[in-house]
1. Suppose the filter is within 15 Å of residue 334 (Cα to Cα), polar (S, T, N, Q), in the same structural domain as residue 152 (by TED's automatic domain parsing) and assigned to a helix (DSSP H, G or I); does residue 224 pass it?
2. Is it the case that some residue within region 129-141 is at negative phi, among the β-branched types (Val, Ile, Thr), at pLDDT 85 or above and in a helix (DSSP H, G or I)?
3. Can you tell me which residues in region 15-30 are assigned to a helix (DSSP H, G or I) and touching a residue at least 24 places away in the same chain (Cβ under 8 Å)?
4. Looking only at helices (runs of 4 or more DSSP H) that lie completely in region 525-611, which have at least 1 residues being under 25 Å from residue 485 (Cα atoms), among the small types (Gly, Ala, Ser) and touching an Asp or Glu at 6+ places or on another chain (Cβ under 9 Å)?
5. Do you know which residues across region 380-406 are more than 14 Å from ligand 1 (Cβ to nearest atom) and touching a helix residue (DSSP H, G or I) at 6+ places or on another chain (Cβ under 6 Å)?
6. Kindly indicate whether any position in region 506-518 is surrounded by 18 or more Cβ atoms within 10 Å (Cβ to Cβ), closer than 19 Å to residue 367 by Cα and either in contact (Cβ under 8 Å) with a residue 60 or more places away in the chain or of a type in the set (Val, Ile, Thr) (or both).
7. Residue check, residue 431 against (1) within 15 Å of ligand 2 (Cβ to nearest atom); (2) at negative phi; (3) crowded, with 17+ Cβ neighbours inside 10 Å, all met but one. Which one?
8. Taking region 455-476 only, how many residues are assigned to a helix (DSSP H, G or I) and surrounded by 14 or more Cβ atoms within 10 Å (Cβ to Cβ)?
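The values are calculated or read from the model by the stated rules, or taken from the named source; none is laboratory data. Not measured: the values here are computed from a predicted model. Here the Cβ positions follow ideal geometry from the backbone for every residue, glycine too, while neighbour counts run over all protein chains shown.
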Amino acid sequence: MKYDDIDEAFARARPSLNTLRHILRFVRPYLRYLIPPLIIEAFWVLSTAFGPHLLKMAIDGFILPGVHSLQSPSAPSGGTVPGWAWTGIACIAGLMTLNLAFGSAVAVIQRLSIQRAGQRALNDLRCWLFGHIQRLSMDFFDREKQGRIIARVDRDVENLEPLLTFIPLFFVHTVFSLVVVTGMLMLYDWRLCGLIIAFSPLVFAAGLVSEKFGLPIYRRLRRTISRMTANIAENVTGVHVVQAYGREEINLGRYDELLDEYRSHRVAAAFVRGITFPSMLMMFGVARGAVIAYAGYAIPKGLMSVGEVAAAVMYIGMVYGPIMMIAHLYDHLLSSSASSERVVQLMERKPSIVDAPGAHSIPSITGQVVFDQVSFKYDDDPATPWILEDISFRAEPGDVVALVGPTGAGKTSIVNLIPRFYQVQRGVLSIDGIDVRDVTQKSLHQQMGIVLQENFLFTGTVMDNLKYGRPEVTDEAAIRAARALGSSTIIEKLADGYQTDVRERGGAISHGERQLICFTRALIANPRILILDEATSAVDTDTEILIQKALWKLMEGRTTFVVAHRLSTVRHADQILVVEDGRITESGTHDELLSLNGSYAEMFDEFVRGV
Ligand SMILES: Nc1ncnc2c1ncn2[C@@H]1O[C@H](COP(=O)(O)OP(=O)(O)OP(=O)(O)O)[C@@H](O)[C@H]1O
Ligand SMILES: [Mg+2]
C-alpha cells in the first residue's frame, strides 16, 4: 500500500487504544511530575465542592432562622435579622471568598506543573521521531513527500499538546468532582441525587453526536494541513523551476484550492462544535428544571431544606459543567487524536531493511566487492519487471570500476545496493566474502564514502561540511586533506574561506565548488569503498582539471565504483561495466572493450566526438 493510500485508509479508521498507548509511552517518565498537580486537584475539588454547602449553611443556619425570628410575636416590628444571623452570614461569605481565592491560586501552580511534564514528553517524542526517520530505509523517502514528513513531525506533534496537558487533567477533575458532588448530594437526599445522575447520560449523548460527526472532519482537516505544508515545501525547494516555467499563478491557484478545503473543514468543525455546546446546555436546563420541580414536592414534605435545594442547583452546575467543558475540549481532543493517529502511523513505520538477528559489525575490510547473480527491483510486486537482472562482477581491493550506459539503465541502482540502501531480491552481494545481509548497516556505512549525483551540503560552514563524517578530526587535518586533494585553492577563494556559511542545501556554493567540497569530505572520512555518482553538469576547464586531479587522488588505494561521465575516468578504470536495460552487456578494460567493437566502442566514439 502506498503511503498516500495509508493516509486515506486510516482517515476512516477509529481512534484506537493502540494510538494512545504509543503516545503515553512518552508520558510515563514524567508521571511523577503529575503527582503534585493531582494532589492539588483533590484539594481544589474538595474546596469547590464545599462552596454550595456553605451556601446551604448560610440559608438554613442563619438567613431562614433570622427571618423566622422576625416573624415571632416578640420580635420588634420592621426590624432586621438579629446580630448573630448577620455574623454567621458574614463569616460564611468570607469563607466562600477565601475558598475561591485558594482555588485560583492552585490553578496557576497546577498549570505550570502540567505544562512542564507535557512539554518534556513532547520533546522526547520529537527526538524519538527525528531519530526514527533517520533510521528509515530509502524506499520510504522515495515515496514520501518531504513536506508531509515535516508536517507530521512538526505540526501534528505540536497539536498533541492538549492531549498531554490540560485534557487529562480535566478528565481527572471531572471524575473527582462527580464522586465528591454525588457524595454531597446523597447526604442531602438520595432521590434528588438519582434525578441528577439520571440526566447526565443525556448531556453526554449530546456530546457523542459531536464525536460521530467531528472526528472525520478533524481527520480531513489534519490531512489538508499536511498537504498544505507539502505544497509549500515543494514550491520553495523547486522555486527555480517554478519561476523558470512561469508556474507562479497556477501554483498559487493550487494552494488556494487547498486553502479552500482547509477553510471548509474548519467551518464544518466549528459547526459541529457550535451545535454540540447548545444542545448540552439544553439538557442542562431540563435537568435543572426537574430539580426545581422536585423541590416543590420535597420541601413541603420536609424531605429537603431550602438551603439544600439552593446548594443542589449549584451542584448541578458542578456535575454538568465539567461534562459540558469536555464537549468544549472535545474540539481539542478530536483534533489531537487525529494528529496522534498520524504521528503513531509514522512511529509504526518500520525500516524495510533491518539488521538480521545476530548481525555483527563488519570487520576492517580490504574492499573486495562481489555481485553474484544479483537481481533487484524497487518494489516486491512479482508482476513488475526487474530493474537489474543477473548482475555479476567482481572488484578487487583498490580497483576502479566505472559504470557506463544510457540514462535509466540502472547504474545508480547498482551502486546503491553496495551500502545496502536497498535490498537485493535475488543473488548475493558480498564484501570481502561477507554477505552484506549478515552485517549491521551502521558498520557497513562506516566503511563507505558516497558522493552522489546531487551533492548535498548541510547548514553550517564549509569546515563543518568537510568534517561531517568524522567530526573528531581537527581543522588542521581537514585543511591538510583539502590541500592534498587540491580543493584548497577553490575553498580559500570563497568569501570566508573554510568558514564560509554554505546556507541550507548549499545554495550559496557553485556546482564545481560543491563537488570539490564533497570529494574532500569523502577523503577525510577515509573509507575503504568509495561510491561516486558523477554529476553531469559541466564546469569550466580549470575547475574540470581540478576535479579530475582530486578524483584520482580520492580514488587512490580504495575500491571505487564510479558512475562515469568523464572520458578520463572511464578510460583509466581497471574495469568498465556497460549497463544497458538493467543488465551488464559488456565488461573489461578500455582496450578490451574497444576491440569488442560493441556498445562501448560506439559510446566511446560519441564521447570523443563530444569532446
Ligand atoms: N527509487 C526508485 N523507485 C522506483 N524506481 C526507480 C527508483 N530509482 C530509479 N528507478 C528506476 O530504475 C531504473 C534505473 O534507474 P537508475 O537511477 O539506476 O538509472 P541510471 O542508470 O543511474 O540513470 P542516469 O544515468 O540517468 O542517472 C529507471 O527506470 C528508474 O526509473
Ligand atoms: Mg543515475
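1. On the way: within 15 Å of residue 334 (Cα to Cα): no; polar (S, T, N, Q): yes; in the same structural domain as residue 152 (by TED's automatic domain parsing): yes; assigned to a helix (DSSP H, G or I): yes.
So residue 224 fails the test.
2. Filtering region 129-141 for residues at negative phi gives 129-141.
With the extra rule that they be among the β-branched types (Val, Ile, Thr), the set shrinks to 133.
Restricting the remaining residues to those that are at pLDDT 85 or above gives 133.
Restricting the remaining residues to those that are in a helix (DSSP H, G or I) gives 133.
Yes, region 129-141 contains a residue that is at negative phi, among the β-branched types (Val, Ile, Thr), at pLDDT 85 or above and in a helix (DSSP H, G or I).
3. 18, 19, 20, 22, 23, 29, 30
4. Details: elements: 541-555, 567-571, 590-596, 599-610.
In region 525-611, there are no helices (runs of 4 or more DSSP H) which contain 1 or more residues that are under 25 Å from residue 485 (Cα atoms), among the small types (Gly, Ala, Ser) and touching an Asp or Glu at 6+ places or on another chain (Cβ under 9 Å).
5. Taking region 380-406 as the starting set, the residues that turn out to be more than 14 Å from ligand 1 (Cβ to nearest atom) are 382-383, 390, 392-401.
Scanning region 380-406 gives a single hit, 400.
6. Residues of region 506-518 surrounded by 18 or more Cβ atoms within 10 Å (Cβ to Cβ): 506, 509, 512-518.
Filter again for closer than 19 Å to residue 367 by Cα, leaving none.
Scanning region 506-518 turns up no residue that is surrounded by 18 or more Cβ atoms within 10 Å (Cβ to Cβ), closer than 19 Å to residue 367 by Cα and either in contact (Cβ under 8 Å) with a residue 60 or more places away in the chain or of a type in the set (Val, Ile, Thr) (or both).
7. (1)
8. Here is the first cut: in region 455-476, the ones assigned to a helix (DSSP H, G or I) are 462-466, 475-476.
Those left that are additionally surrounded by 14 or more Cβ atoms within 10 Å (Cβ to Cβ): 462-466.
Qualifying residue count, region 455-476: 5.
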